[in-house]
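Working notes, beginning with the structure itself.
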Amino acid sequence: MVLELPDPVAAAVLAIRRRYDPRLAGFPAEITVAGSSGVGPLLAGQALEPVLECMQGIVDACLPIRMRFAGLRRFASGPVTWLAPADPAPLVALHQRLAGSGLAFAPHRFEFTPHCSVCSIALDPPLQQQLLTEPVPVEAFELSRLALYAVVDGRTQLLHRAERRQTH
């Protein structure tokens, strides 16, 4: 499950990815909240309707989130370079709500670190340094969509997108 980035931030992220990691550029610009760290991916075999209801409940309770990126970072455990949120607390709260939702997730070896990956491959040191000095989107934006994707044969497939319901 991911929080999809809105344009023009999404376009800026995809432009950086195209320059440094063309494979990653084929994926949506997003912040993963279930799958890459913390709770792992959803376990197969769960009934879809409760998953979608859970997603909608989390969206209604936690979104929108107003945020901005603070800069680029690199994980010590591997080659991934990522955009760090200026305030990760709302993303951590959403992740904790998802983790406690009753949905079944595969285990994952990394703790949850809110981030937007821009490069997932090892780069030569000069190119890595160039990446770390890339201008990044710093304007504030709103996260308002939680989406469920599957990765099939290295390609993403949107399964469901939830947006906050209007209350009257």
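The values are calculated or read from the model by the stated rules, or taken from the named source; none is laboratory data. This one's a predicted model, so the numbers in the text were calculated from it and none came from an experiment. We place every Cβ from the backbone using ideal geometry, glycine too, and count neighbours over all the protein chains shown. Side chains included, ligands, DNA and RNA excluded: accessible areas come from the protein's heavy atoms. Shrake-Rupley method; radii C 1.70, N 1.55, O 1.52, S 1.80 Å.
Of all residue pairs spaced 6 or more apart or on separate chains, those with beta-carbon atoms under 7 Å, a first member in region 148-162 that is more than 17 Å from Glu53 (Cα to Cα) and a second member that is in a strand (DSSP E or B) and open to solvent by 80 Å² or more (accessible area, probe 1.4 Å) are Ala150/Gln157; Ala150/Leu159.
The set of residues from region 81-107 being in contact with a Lys or Arg (Cβ under 9 Å, 6 or more places away or on another chain), buried (at least 17 other Cβ atoms within 10 Å of the Cβ) and not β-branched (Val, Ile, Thr) comprises Trp82, Leu83, Pro85, Pro90.
In this structure, Glu49 does satisfy being without any contact (Cβ under 8 Å) to a residue 40 or more places away in the chain, at negative phi, open to solvent by 10 Å² or more (accessible area, probe 1.4 Å) and not aliphatic (A, V, I, L, M). Of all residues in region 108-137, those satisfying the criterion of being under 18 Å from the mean Cα position of the chain (by Cα), more than 21 Å from Gly154 (Cα to Cα), open to solvent by 30 Å² or more (accessible area, probe 1.4 Å) and touching a residue at least 24 places away in the same chain (Cβ under 8 Å) are Phe110, Glu111, Phe112, Thr113, Val136. Taking the conditions (1) closer than 19 Å to Ala86 by Cβ; (2) touching a Ser or Thr at 6+ places or on another chain (Cβ under 6 Å) in turn, Leu24 satisfies each one other than (1). Of everything in region 57-80 that's open to solvent by 30 Å² or more (accessible area, probe 1.4 Å) and in contact with a strand residue (DSSP E or B) (Cβ under 6 Å, 6 or more places away or on another chain), which residue is farthest from Val136 (Cα to Cα)? The selected residue is Pro64. For region 1-34, give me each residue that is open to solvent by less than 20 Å² (accessible area, probe 1.4 Å) and either assigned to a loop (DSSP other than H, G, I, E, B) or within 15 Å of Val92 (Cβ to Cβ) (or both). Selection gives Met1, Leu3, Leu5, Asp21, Ala29, Ile31, Val33, Ala34. Here Thr81, Thr113 are screened, and the one residue that is β-branched (Val, Ile, Thr) and modelled with pLDDT of 95 or more is Thr81. When Ala89, Ala15 are checked against the criterion of being among the aliphatic types (A, V, I, L, M) and over 15 Å from the mean Cα position of the chain (by Cα), Ala15 stands alone in meeting it.
In this structure, is Gly40 small (Gly, Ala, Ser), assigned to a loop (DSSP other than H, G, I, E, B) and more than 16 Å from the chain's Cα centre (by Cα)?
no
For Gln46, the stated conditions do not hold, so it cannot be described as among the polar types (S, T, N, Q) and at pLDDT 95 or above.
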